[in-house]
Amino acid sequence: MSIGEPTAPPSGFVDVVQGWQIAAVDWMAHEGITKGTSPTEFSPDLAINRAQLSTFLYRYKGSPPVEVDPASPACCNHLEAFARVDAALAQAR
């Protein structure tokens, strides 16, 4: 471990094997920022999408409450949009 690297217990993700990945992924899992793509896999070779990145950042900031301004202009059916976001968050690493 180098100075400034986070420490955390092993995440248990069997596919995180590269030395440069291990400490960061272990820390993210320990902090609840990521849950992996399954209980035993993180899938480090997959690209992440916007919803997954947003989820990482949201969880990193402690999952603060979110409020939608009712005065904001409608861009689409909000219920469908929220359902898609909820589905993406559920699938996010």
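The values are calculated or read from the model by the stated rules, or taken from the named source; none is laboratory data. From a predicted model like this one, the values you see are computed outputs, not experimental measurements. Cβ atoms come from the backbone with ideal geometry, glycine included; neighbour counts cover every protein chain shown. With ligands, DNA and RNA removed, areas are computed over all heavy atoms of the protein, side chains included. Shrake-Rupley method; radii C 1.70, N 1.55, O 1.52, S 1.80 Å.
Looking at this structure, is residue 48 touching a Lys or Arg at 6+ places or on another chain (Cβ under 6 Å) and assigned to a loop (DSSP other than H, G, I, E, B)? Criteria not met by residue 48. For first residues located in region 4-17 and within 16 Å of residue 32 (Cβ to Cβ), partners that are small (Gly, Ala, Ser) and surrounded by fewer than 12 Cβ atoms within 10 Å (Cβ to Cβ) and lie 6+ apart or on another chain with Cβ distances below 8 Å do not occur.
In region 59-75, is there at least one residue being open to solvent by less than 80 Å² (accessible area, probe 1.4 Å) and within 14 Å of residue 12 (Cα to Cα)? Scanning region 59-75 turns up no residue that is open to solvent by less than 80 Å² (accessible area, probe 1.4 Å) and within 14 Å of residue 12 (Cα to Cα).
Contact annotation: no residue pair with Cβ atoms under 8 Å, 6 or more positions apart or on different chains, pairs a residue in region 49-77 that is within 21 Å of residue 37 (Cα to Cα) and at pLDDT below 80 with a partner that is assigned to a loop (DSSP other than H, G, I, E, B) and open to solvent by 80 Å² or more (accessible area, probe 1.4 Å).
Go through region 10-47 and give me each residue that's surrounded by fewer than 14 Cβ atoms within 10 Å (Cβ to Cβ) and among the aliphatic types (A, V, I, L, M).
14, 17, 46, 47
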